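*Asks:* Below you will find the structure I want to go over with you.
Every number in this text was worked out from the coordinates using simple rules, so none of it is lab data. All values reported here derive from a predicted model rather than from experimental measurement. Neighbour counts run over all protein chains shown; Cβ positions are idealised from the backbone, glycine included.
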Amino acid sequence: MRTKPPITARDLVLLVLAIAVLIVFMFPIYWMITTSFKSSGDILVNPPRWTFRPTWQNYVYAFEVANFGGYIRNTLIVALISTTIVLVVGTLAAYSFARYNVGGGNIMFFILTTRMMPAVAVVFPFFLIFKTVGSTGVGQFLQLGLDRLGTLAVCYTVFNLPFAIWLLHSFFQDIPAELEDSARMDGYSRWQALWRIVFPLAAPGIAVTAIFCLLFSWNEYLFAFVLTRDLATTITLGVAAFWTQRGVDWGPLSAAATICVVPMVAFALLLQRYIVRGLTFGAVRG
Amino acid sequence: MNETQAPSARAKAARPLSDRWYSYLLVAPSLVVILFFALIPLFYAVYVAFHAADLTAGTFIGGFVGLDNFRDMLNNDLFWDAIGRTLTIAVAAVCAEMILGTALAFLVNQLRWFRGPIRALFLLPLAAAPAAVSMIWRYMYDNEFGVYNALTAGVGLPVVNWLGGARTAPLAIILFDIWQWTPFVMLIVLAGLQALPKEPFEAAELDGARFWMVLRRLTFPMLAPVMSLVFVLRAIDTFRLYDPVATMTMGGPGTATETVSYYVYRVGLKYFRMDQASAMSLLVLFAIVVFTGLALRPLMRYHAERAKRG
């Protein structure tokens, strides 16, 4: 055990430097939150005001006039449906890829490639397909079609599934196969060993994947923008909607953006330990 | 499968389902979803790209036109301009993010106090929805009420119409991207730094190696796999850049910030030329698939094997 070296001036300089950079990076978030509590008289001024009398007005406006509650509801419905589907099918696939190495890595890589497709390349076919599907009875029953929540749920499922499979795969790889083998020796079937031994051990990984999927669905913009008009508007669109032909209401917009950003920031802090792993599709364990 | 397990595997052959079929069965639902919803749109795009599909002309999907759409695309200067612009923005943003992020990772790694909380706070820009925060940036860039101009004016710099100028608007997009994604580079390089083995560095210290020598001969070579991965992931992501362009500048002023994604979107849903948009998106898709195969695949494989070795 080495004794701690004495505190030097260098330690202090580095800390001050790190905090200075941190302030620069935090500033837009700070500005967003403070603007959301400013009245319009404190927003449209030059030079900008650093002190002001806080008001709830903008939040009241966002919920009562701009129907922001409805956007949140839509986003949650879409995010929860797609995340559930992704987890159910993705967990099984990821386990199989990790334990049985199906396709020798080629299928896994094909899956990753679909995740790298630019959204704009698939959004037009989706637009045309859902336009057609929406006019059929089945499409209407399943809420598929333009400006329908089912459509977005399908898009986010396709978009998140490759990510989830890769991330879950890395968690399953961390579980030693011996545990399963010994359960099999004790008379468990493959399926029982999977349910009673592997899944409980993978639970943290599954939870982490779920939160990432929710986060991606919540923050998504392009699909929502192209495929919805009014009924299925999601939260990011709701924020952008404050920019209108007539001009922009910065106060309510900041309130809306704050509502959109703050829960995800909380999620990110929750994910802290796994954020590096998630953002690299499980490649860097962090 | 392992050779030594072969006899027991054969003994279990009476079981209703072999391991092989069982493993396929588990993968099947996911593959169905991905093939159905990723390949059908793809084939559909190919189909549309070979037909006339001008929604303004009243016909939804018109007659077969062969390679006409691809020929028009190759002759379309606006499209190639958008590609050039996207590459410029991507190169500038990703280079800045790599340098800043790596420097920041070294800095945070050297911290004596508060390393955890500081690292945690750098997550914030990453978690924020780009479409939402870029709207706030739009307010901050405002040349009349924006706080950035107030800050630069405070130190005596001239007022800049950030989003209104053809030269400054791309810079504004780049700065936004740097703000949002430098923490990503920082977090991953930091994870790489913290995973480095101690012994070689202690040996170098004993040998009296200079700081720069250690950096060049030890640290960077050992960080290379992690840094290449971040670089490739960022490159793919910035090439697809759409959200901040759509919400902050709408490609403007003029076409100064029109990225490929935004241009293709505009052709498809503003001019309703689905045929042209499909041809272009296929080319962009092809470029990304090739790049992913050449650059991302070997890196992901390398990291997977390294993780397996533990």
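*Asks:* Would you please put B:137-147, A:218-228 in order of how densely packed they are, using the mean number of other Cβ atoms within 10 angstrom per residue and starting with the highest? Mind showing how you got there, number by number?
*Replies:* Numbers: B:137-147: 20.4, A:218-228: 23.1.
Final packing ranking: A:218-228, B:137-147.
*Asks:* Okay, moving on. Using a Förster radius of 35 Å, what is the FRET efficiency between B:R309 and A:W195 based on their Cβ-Cβ separation? Nearest 0.05, please. It would help to have the intermediate numbers written out before the result.
*Replies:* Numbers: r = 29 Å, r/R0 = 0.84.
Here the calculated transfer efficiency is 0.75.
*Asks:* So what's the Cα pair-distance distribution over the protein assembly as shown, bin width 20 Å, in %?
*Replies:* Calculated P(r), rounded to whole percents: 18, 51, 28, 4, 0.
*Asks:* Want the number for B:V214 to B:T88: 0.36 nm per residue separation, take away the alpha-carbon distance, what's left? Don't jump to the answer; show the numbers that get you there.
*Replies:* Numbers: separation 126, 0.36 × 126 = 45.36 nm, distance 3.32 nm.
Extra length from B:V214 to B:T88 when fully extended: 42.0 nm.
*Asks:* Taking the mean number of other Cβ atoms within 10 Å as a proxy for protection, how do you rank A:44-56, A:97-109 from highest to lowest?
*Replies:* On the way: A:44-56: 12.9, A:97-109: 17.5.
My ranking of the peptides, most packed first, is A:97-109, A:44-56.
*Asks:* If the cut-off is a Cα-Cα distance under 29 Å, which lysines reach B:K198, setting aside same-chain residues fewer than 8 apart in sequence?
*Replies:* A:K4, B:K308
*Asks:* If I take R0 = 25 Å and measure r between the Cβ atoms of A:F141 and A:L76 in this structure, what FRET efficiency does the formula 1/(1 + (r/R0)^6) give, to the nearest 0.05?
*Replies:* Values: r = 22 Å, r/R0 = 0.87.
My answer for the efficiency is 0.70.
*Asks:* Let me ask another. Work out the FRET efficiency for A:F110 and B:L157 from their Cβ-Cβ distance, taking R0 = 45 Å, and round it to the nearest 0.05. If you can, show how the numbers build up before the last one.
*Replies:* Details: r = 51 Å, r/R0 = 1.13.
That gives a FRET efficiency of 0.35.
*Asks:* Using only Cα atoms, locate the centre of the stretch A:148-207 and the centre of the stretch B:206-277, then give the distance between them in Å, rounded to an integer.
*Replies:* Going from one Cα centre to the other spans 32 Å.
*Asks:* Treat each spin label as a single point 7 Å out from the Cα along the C-beta direction, and report the B:L25 to B:F43 distance in nm.
*Replies:* Placing both labels 7 Å along Cα→Cβ, they lie 2.7 nm apart.
*Asks:* Still on this structure: With labels modelled as points extended 7 Å from the Cα through the Cβ direction, what inter-label distance (nm, one decimal) is found for B:Y271 paired with A:L12?
*Replies:* It is 6.3 nm.
*Asks:* A:I33 to A:N46: extension gain in nm, 0.36 nm per residue of separation minus the Cα-Cα distance?
*Replies:* Details: separation 13, 0.36 × 13 = 4.68 nm, distance 1.88 nm.
Between A:I33 and A:N46, full extension yields 2.8 nm more.
*Asks:* Here is a follow-up. Hey, got the average number of other protein chain Cβ atoms within 10 angstrom for residues in A:97-109? Don't skip to the answer; put the middle values down first.
*Replies:* Working: counts 4, 0, 4, 8, 2, 7, 4, 0, 4, 1, 4, 5, 6.
So the per-residue partner count for this stretch is 4.
*Asks:* How many nm separate the modelled label positions at A:A266 and B:S18, each set 7 Å beyond the Cα in the direction of the Cβ?
*Replies:* Placing both labels 7 Å beyond Cα along the Cβ direction yields 5.2 nm.
*Asks:* Compute the distance from the alpha-carbon center of the stretch A:82-132 to that of the stretch A:228-278, in whole Å.
*Replies:* Centre-to-centre distance over Cα atoms comes out at 26 Å.
*Asks:* Could you give the distance between the Cα centres of the stretch B:278-297 and the stretch B:79-104, to the whole Å?
*Replies:* 18
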